[in-house]
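The values are calculated or read from the model by the stated rules, or taken from the named source; none is laboratory data. This one's a predicted model, so the numbers in the text were calculated from it and none came from an experiment. Using ideal geometry, Cβ is built from the backbone for each residue, glycine included, and neighbour counts are taken over all protein chains shown. Keep in mind that these areas ignore ligands, DNA and RNA; they rest on the heavy atoms of the full protein, side chains included. Shrake-Rupley method; radii C 1.70, N 1.55, O 1.52, S 1.80 Å.
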Amino acid sequence: MNTKQLDTLSTARATLLAPYGLTDASIERVFGEIMHHDADYADLYFQYARTEGWSLEESRVKSGSFNIDQGVGVRVVSGEKTAFAYSDDIGIESLTAAAHATRSIARASQSGSAGRVASIRESAGHSLYQPNDPVSGYSDAEKVRILERLEKFARAIDPRVKEVMARLSGEYEVVMVARHDGVLAADVRPLVHIGLTVIAEQNGRREQGHTGGGGRYDYSYFTDEILRSMAELGVREALINLDAKPAPAGPMTVVLGAGWPGILLHEAVGHSLEGDFNRKGSSVFSNCLGERIAAPGVTVIDDGTLKDRRGSLNIDDEGNPTQRNILIEDGILRGYMQDSMNARLMNVPVTGNARRESYAHIPMPRMTNTYMLNGDKSPEEIIASVKRGLYAANFGGGQVDTTSGKFVFSASEAYMIEDGKITYPVVGATLIGNGIESLKQVAMIGNDMKLDSGVGVCGKEGQSVPVGVGQPSLRIEGLTVGGTA
């Protein structure tokens, strides 16, 4: 265990255990209560979180928010059944009461002996980010100045910029996971983010541009260089849309840009590769391991070990180190993302993908940073190969049905391609298709893979977690474009 990992465990003990008089022996006694009858798995998830948000509008920081939350979740798993209780009181009495509440699903011991509880042993994760505190490490004035600088950069780019709206958010989270098998693991998770909306006006027409970014840093990440780049991207998108024509409709070849358009891959394919959907047989990819589900050259990775990335974690929310998992390799389905329960029931290894929104939620198999690897074509070659089609450079929102694989996504920046050249921008374009069919219709893969700027939020069964996405430029045949022309 390196010094940083020891410091993380020390911080977690000081934050989550010591103030409440909890020790390793206390935790072992709680597990003794939980495992009084046989169960397959049990864990305690301790969490302390400080979060804040600052909003700028009409050249003023109009609102700020600050919140502290802490608590512990107690979970017991027996077969496919889960019992879960949580409390915002981390004291031993609340822990013991929660332990008694979760024993109801455990099997009566056939041998008359209780389930085994191992002695506590510290477990190390990765060291992917600095355990800094962005919330208390900077003054309110410094945080306000970040937003003011961003607005100044945006307004200076073009006089057509009429409104600049921005939100700065920061989070400092300390988590500790204790398991009945003795594992004790901890993580200190910083997270910062800026979201920017720019409104430009020309001849009475108004259009918007959106951008943002961040990651597992403190606020020093937002240098003038980073803020200028954000401002330029947001203003550029708004100005392009001022001159855009209504998008045409119908089936056509679509070229997806690199980076954030990987959100389509995340939504249309990624969720369908999560272990719980496949164990239950509700995914379009259930029982397809080893089969071709995508075009040759398509390799999709979920990697929670990327340094400083928004979707990365030193440990997942069951205390397992995150991993680099190959989901699809050269078009062949190789694996699913797993938490402990689904991995056990499917008789496969855990993959470090257990995630939960907070101590008040149960973990599920979830994505971290999901992306497609490079191909061998330049983006210029891909555009030049298209007689007539749509270039979706950037995406807005979207939704997918994991059972059928059908998706709908809106393009926030898009252009027509005619005779191998990008001609004019269009607005109102939506992409409609089916995830499993779209993977098979990938005709060209670019060599320009990049990850998004750090803006992804993933929702599943009412829980939201930060994620990352990415991809190279892609040519996909036969997508349906819903337009306004």
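What the table shows:
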quantity	calculated
Under 14 Å, Cβ to Cβ, from Glu225 - net charge with Lys/Arg +1 and Asp/Glu -1	0
Angle between the chain longest axis and helix 92-102 axis [Cα atoms, degrees, rounded to 10]	80 degrees
Backbone HN-Hα couplings from phi across the stretch 186-196 [Karplus 6.51/-1.76/1.60, Hz, Gly and Pro as x]	9, 8, 10, 10, x, 7, 10, 7, 10, x, 10
Residue-count net charge about Arg145 - beta-carbon cut-off 13 Å; Lys, Arg +1, Asp, Glu -1	-2
In order through the stretch 446-451: 3J(HN,Hα) via Karplus (6.51 cos²θ - 1.76 cosθ + 1.60), integer Hz, x for Gly, Pro	x, 9, 10, 4, 8, 8
Heavy-atom accessible surface of the chain: percent carbon and sulfur, 1.4 Å	48 percent
Identified option (computed Rg/Rh (Cα atoms, Kirkwood Rh); candidates (i) 1.01; (ii) 0.95; (iii) 0.98)	(i)
Neighbourhood charge, 14 Å Cβ-Cβ cut-off, centred on Asn369 and excluding it, Lys, Arg +1 and Asp, Glu -1	+3
Computed FRET value (nearest 0.05) for Ala14 with Ser410, which takes r as the C-beta separation and R₀ as 51 Å	0.65
Whichever lysines have a C-alpha closer than 23 Å to that of Lys152, once near sequence neighbours (fewer than 8 apart) are set aside	Lys62, Lys143, Lys162
Alpha carbon centroid spacing (whole Å) that separates the stretch 361-413 from the stretch 188-233	21 Å
Cross-link reach list, lysines versus Lys450, counting only Cα pairs under 27 Å and skipping chain neighbours closer than eight places	Lys307, Lys377, Lys387, Lys406, Lys421, Lys440, Lys460
Residues in the stretch 162-193 reached by a label modelled at Gln130 [backbone nitrogen below 17 Å; 7 Å Cα→Cβ]	170-173, 188-193
Solvent exposure ordering (accessible area, 1.4 Å, most first) of Phe84, Phe277, Phe46	Phe84, Phe277, Phe46
In sequence order, calculated HN-Hα J values of the stretch 20-29 (Karplus, 6.51, -1.76, 1.60; Hz; x Gly/Pro)	10, x, 8, 10, 4, 5, 4, 5, 4, 5
Placed amide H near Ala443: partners under 5 Å, 5+ positions off or other chain	Arg475, Ile476, Glu477
